[in-house]
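Note sheet for the following structure.
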Amino acid sequence: MFSTAAGLLGWPYFLWHLKSRGQGESFWPRLGLKLPEGPRPPGSPRLWLHGVSVGEIQAAIPLVTELRTLLPRAAFIISTGTETGQMLARQHFSPLGALVCYFPLDIPWGVRRYLDYLRPQVFIGLESEIWPNFLSQAHQRGVRLALVNARLSDNSLRRFLKYNRYLSDIFNLYDVVAPGSLPDFERFQRLGISPSRLNLTGNLKYDRLLQGRDETRLQDFRGCLQGTEPGQAGGPVWLAASTHPGEEALVADAFQELLAPYPALTLVLAPRHPQRAPELARLFARRGLSCQLWTGLKAGREPRRQKVVIIDTIGDLFTLFGAADVTFVGGSLVPHGGQNILEPAAWGRAPIYGPHLGNFLWAQAIIEEAGAGILVKDAASLAQAVRHLLDHPGERQELGRLAQAALIPHQGAARRQAELIAGLAQKATD
């Protein structure tokens, strides 16, 4: 009843939210009023894997690779909740024969229409997918349910415990809950999930990082970033990645301070939401800094002439970490919860980050245990950290080596999670 009312009353806000981000394609599908385009892919079992946005879809890549090995005849449905995630899913999974679509909001009619059309046998949610209507209807239809790379923050746990009786029933609809870290495992235990359903498997994002490096692509990106103006070619590159509103001004302050000792320094700015590129170009222009968009450089339509390059594409950021000399990971200088600081580590780059890493404490623990992370708090300390790494290339290389080595013991989560899902698939098709 509540979800129905929310769907009827909340759609204007949902549409406004999408339009404010320059989006809107997902509006009708997510309301359940437009079904996925194209027929269901052939094969058995039918696996529906859902990840909200870019990070979850990237994490799904090694999992799907392992599932295709274990279940070579399986049919895959990949859904996302955001349009940026949808773009990446189409790029990667459509060529593999998967049906890529949006995930319906948790409104009864939308859930029912999607389940009737897609008819999954196993549903796999990534990280924190708790949709009561969807899970209840899928369970009633005999769909096997898995939550993998499961994540539960301290704040979410405190909120959930207030409604533990209700939420415990919802979580126990999952046949498998596979937390990505020991702290997450312990928090799920406190929710009262049956021990037979809980499996500590490790985090998919570890597997994706080391397996997903493309050296040919890396060399192409490095070539795109080479400057053509005198004194630019061969200059150092600083990547400020996954930045959020409020952080770009701090990055700009730090960059302007760094131009005195490093006039050939290039700043590559990759906002978390690429559609903000025009807004950020205006921010830098007000400071007297001209920008270029990455699309023109990547396509070879123009050489790099400006000191600031703004990334306005989806799916390129991971390789750009390898193309940079120094990396800062955003979402961390403002109270957003951080982004994945292990991505630069995969390329042998020591990550710089701010104090707000509440959603990535597991990654922070790995990096700081290795002694490879650099914590900053404002524009001044950010500029100081970048300059220190540029001034000391030997130390920069050693910190990068330590960061990369810290990932190696954590490999194998994709295989372990795929084996759990294959077990559910066997039960679903018996």
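The values are calculated or read from the model by the stated rules, or taken from the named source; none is laboratory data. Keep in mind that this is a model prediction, so the values were computed, not measured. Note that we place each Cβ from the backbone using ideal geometry, even for glycine, and neighbour counts take in every protein chain shown.
Among the residues in the stretch 229-242, are any more than 18 Å from VAL376 (Cβ to Cβ), in contact with a helix residue (DSSP H, G or I) (Cβ under 8 Å, 6 or more places away or on another chain) and assigned to a helix (DSSP H, G or I)? No, that holds for no residue.
Applying a threshold of 8 Å to beta carbon distances and a minimum spacing of six or more residues, or different chains, the list of pairs starting in the stretch 50-77 at a residue that is surrounded by fewer than 18 Cβ atoms within 10 Å (Cβ to Cβ) and ending at one that is among the acidic types (Asp, Glu) reads LEU70/GLU419. Of the helices (runs of 4 or more DSSP H) that lie entirely inside the stretch 304-391, those containing 1 or more residues that are under 29 Å from GLY227 (Cα atoms) and of a type in the set (A, V, I, L, M, F, W, C) span 317-323, 342-346, 379-391. Looking across LEU320, LEU342, LEU361, one residue alone is more than 20 Å from LEU265 (Cβ to Cβ), assigned by TED's automatic domain parsing to the domain that holds CYS224, crowded, with 23+ Cβ neighbours inside 10 Å and not hydroxyl-bearing (Ser, Thr, Tyr). It is LEU342. Inside the stretch 172-183, can you point out the residues that are modelled with pLDDT of 90 or more and surrounded by 24 or more Cβ atoms within 10 Å (Cβ to Cβ)? The answer is TYR174, VAL177, ALA178, PRO179. Return the residue satisfying two criteria in turn: it lies in the stretch 133-144 and is without any contact (Cβ under 8 Å) to a residue 40 or more places away in the chain and surrounded by 21 or more Cβ atoms within 10 Å (Cβ to Cβ), and of such residues it is farthest from ASN359 (Cα to Cα). Among them, the one singled out is ALA138. Taking residues in the stretch 153-173 that are assigned by TED's automatic domain parsing to the domain that holds HIS356 and part of a loop (DSSP other than H, G, I, E, B), and partners anywhere that are of a type in the set (A, V, I, L, M, F, W, C) and surrounded by 11 or more Cβ atoms within 10 Å (Cβ to Cβ), not one pair has Cβ atoms closer than 6 Å while being at least 6 places apart or on different chains.
Taken as a whole, the structure leaves LEU99 outside the set of residues that are buried (at least 22 other Cβ atoms within 10 Å of the Cβ), in contact with an Asp or Glu (Cβ under 9 Å, 6 or more places away or on another chain) and of a type in the set (A, V, I, L, M).
Which one is nearest to the chain's Cα centre (by Cα) among residues in the stretch 52-85 that are within 16 Å of PRO120 (Cα to Cα) and either in a strand (DSSP E or B) or modelled with pLDDT under 95 (or both)? Per the criteria, the residue is THR80. I'd like the full set of residues that are hydrophobic (A, V, I, L, M, F, W, C) and more than 20 Å from the chain's Cα centre (by Cα), limited to the stretch 125-142. Passing the criteria: PHE134, LEU135, ALA138.
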